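Participant: Dropping a structure here in C-alpha cells format, bear with me for questions.
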Amino acid sequence: MNVGIIGSGGREHAICSKIKESARISKIYCIPGNAGTSKIASNVEIKIEDFKSIKNFCLENKIELLIVGPEQPLVNGIVDYFIDTKIKVFGPNKIASQLEGSKIFTKKICSKYKIPTSNFKIFENINDTKVFLSSAKFPLVIKSDGLAAGKGVYICKDIKEGITAANEIFGGKFGIAENLLVEDFLEGEEMSYFVICDGENYQFIGTAQDHKRVGEGDKGKNTGGMGCYSPSRLFNQELADKINSEIINPALNAIKDLGTTYRGFLYVGLMIKDNNPYLVEFNVRMGDPECQTILPLLENDLIEIFVNCCLGKLKNKIRLNDKKSICIVLCSKGYPDEYKKNIPILGLNNISLKQNEYIFHAGTKLEDNNILASGGRVLNFVSISENFKNSREDIIKLINKLNWKNGFFRKDIGYKIIDV
Ligand code: GLY
C-alpha cells in the first residue's frame, strides 16, 4: 500500500518510522516531511494548506491512505475535501475537528453534556471583558477561541495581565477575534490521555506528561514541548474509567448529535486533582512530543490500526508494552524566542542507536546532503527501558555524544517521577 503523511515534525517522523515496520507498506510519501523522513520515505514539497495539489499528488501516486499529523488541515476540512475519492484519510472531519478548532465550541459541549471542566465566560468585546475583569478573582485563564499554534492562552495573575491578554486577543494577535474565553484557573497536575476512534468505538493508546516550559523545574516561557514521559505517573484504571465515562463518551455523543462521527486520534488534555479528571482541551491529533514517546511502546501494526479506523472497524486490541519511555527535545539556542536557522548538525549520521533508542527529526531539512536545523525544536531523542531513570540517562548520553554547539535541552524531563 502507498501511504501519505501530512506534516513535517517529530510526530510525523515517529509515525513514518512506525508504519515503515508494517509488511503492508509499499511506499511512504511525506508532505512535506523533514531530513529524518527523507531517509525512510519520499518527501514531497507541497504546502499542507494546498489541498488541491495534495489530492492530485495522492491520485497520481496511487496513495490509498493519507495520515494527517497536524491540526490545521483537519480544522480546515481536509477529510471532507477527499470525500469524493476512494482514498482513506485518517483524521476527523471538519465538524468534529472543531473540538480543537474552537475552544468555545468545546466549552459549550462541556456545559451541555456536563463534562467536568473549569467554569468559563465568553466575551464578545473588550469593554465587557474589562468590566468583568475589574471585579474578578485572579488567577484567571484567558484564551483566544481559534487555533493559535500553541499560543493564545494566557494565565493571568492580576487585572493588568488580564487586560493585556484581552487587548492582544481582540487586537488580532491570533487572527480576527469575535470573542474570547475567560476561565477559572484549574489547580492540579496535567496529563495527556490518548484514544483512537473509528467513528463508533475507540481504544486507549497511552498517556504522557509533557513539559511545556523552557526551563528546568517547569520554569520560564511556554514552548511547543521540551520533552515528556510515558506512561504518566498519574495514570490508574479508576481514573481512566472516569475519563472515558465523564469526558470522552459524552464528547463523542455530542459529535454524533451534530449528525456526524469522530474518527482519528483524540488527545484529551486534562488537569487531574484528587484522582478526578477535568478537561483542559481536546486536540484532534496526536500530541507532539507525546507521539514520539508513545509510539515506540506500541506493539501493533499501526497501518492496520489506521486502515481499520478509516473503515469503522477498529477491532484490534491495542497493546502497549510496559516499558518506560522518555523523549527529550534538543532545541536551537534562543528558542522559544529568536534563534538562528540553517545551522548544520554535524555528526548526526555517526551516532549509532541501540534497539531501544530513537532519534526523530522535528525542525530539520536536508540541503546538499547536509542536515540543517530549520526550527526551534530540532531533534527528539527517545529511549525506552525498564525504568525512567535509565531511559533519561541513556538519552542524555546520546545528546552529549552529538554535542551540537547550537543546541540546548532540559536535563530534568520526568523529574516528578525520577527525582523524588
Ligand atoms: N504537547 C502538546 C501538544 O501537542 O499540543
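Every number in this text was worked out from the coordinates using simple rules, so none of it is lab data. What you see is a predicted model, and the numbers here were worked out from it, not measured in a lab. Cβ atoms come from the backbone with ideal geometry, glycine included; neighbour counts cover every protein chain shown.
Participant: By count of other Cβ within 10 Å, fewest leading, how are H361, H211 ordered?
Facilitator: H211, H361
Participant: Quote the relative contact order of the chain in percent (integer), defining contacts as alpha-carbon pairs under 8 Å separated by 6+ residues.
Facilitator: 17
Participant: Cross-link candidates for K333: which aspartates and glutamates have Cα within less than 18 Å, leaving aside residues fewer than 8 places away along the same chain?
Facilitator: Correct list for K333: E216, D218, D412.
Participant: If you don't mind, another one. Students often forget the sequence filter, so: which aspartates and glutamates lie under 18 Å Cα-Cα from K341 once same-chain residues fewer than 8 apart are removed?
Facilitator: Answer for K341, where 18 Å is the Cα cut-off: E367, D368, listed by chain and number.
Participant: Treat every Asp and Glu Cβ in the chain as -1 and every Lys and Arg Cβ as +1, leave all other atoms uncharged, and give the resulting dipole magnitude about the Cα centre to the nearest 20 debye.
Facilitator: Roughly 540 debye, rounded to the nearest 20.
Participant: Another question, if that's okay. Past 24 Å, Cα to Cα, is the threshold; run K39/K313; K20/K389; K103/K273 against it and keep the listed order.
Facilitator: Checking Cα-Cα distances, K39/K313; K20/K389 exceed 24 Å.
Participant: Name the residue farthest towards the positive end of the dipole of the chain from the options L366, Q72, F204, assuming +1 on Cβ of Lys and Arg, -1 on Cβ of Asp and Glu, about the Cα centre.
Facilitator: My answer, from the dipole projection, is L366.
Participant: Still on this structure, I have one more. With viscosity set to 1.002 mPa s and temperature to 20 °C, compute the Stokes-Einstein D of the range 331-420, Rh being the Kirkwood radius across alpha carbon pairs; µm²/s, no decimals.
Facilitator: For the chosen part, D equals 154 µm²/s.
Participant: From the convex hull of the Cα coordinates of the chain, what is the mean projected area in square nanometres?
Facilitator: 19.8
Participant: If you rank R11, R319 by fewest surrounding Cβ atoms within 10 Å, what's the result?
Facilitator: R319, R11
Participant: Then there is this: Positive end of the dipole of the chain, charges at C-beta (+1 Lys, Arg; -1 Asp, Glu), about the Cα centre: which of G146, N300, N380 has its Cα farthest in that direction?
Facilitator: Most positive-ward Cα: N380.
Participant: Here's something else I'd like to know. Taking the range 244-274, which chymotrypsin sites (Phe, Trp or Tyr not before Pro) meet the DSSP loop condition and have no more than 13 other C-beta atoms within 10 Å?
Facilitator: The qualifying sites: there are none.
Participant: Once you've got the Cα coordinates, tell me which of K88/K256; K323/K411; K173/K405; K18/K401; K121/K416 are over 30 Å apart.
Facilitator: From K88/K256; K323/K411; K173/K405; K18/K401; K121/K416, over 30 Å: K173/K405; K121/K416.
Participant: Follow-up. So which GluC sites (Glu not before Pro) in the range 333-411 end up in coil per DSSP with only 15 or fewer other C-beta atoms within 10 Å?
Facilitator: Taking the range 333-411 and a limit of 15 other Cβ atoms within 10 Å, the loop GluC sites (Glu not before Pro) found are E338, E386.
Participant: As a footprinting exposure proxy, order C331, C309 by other Cβ within 10 Å, with the fewest listed first.
Facilitator: In order of increasing Cβ crowding within 10 Å: C309, C331.
Participant: Same structure again: Picking from N276, L330, T261, whose Cα lies most toward the positive end of the charge dipole for the chain (charges on Cβ: Lys, Arg +1; Asp, Glu -1)?
Facilitator: L330
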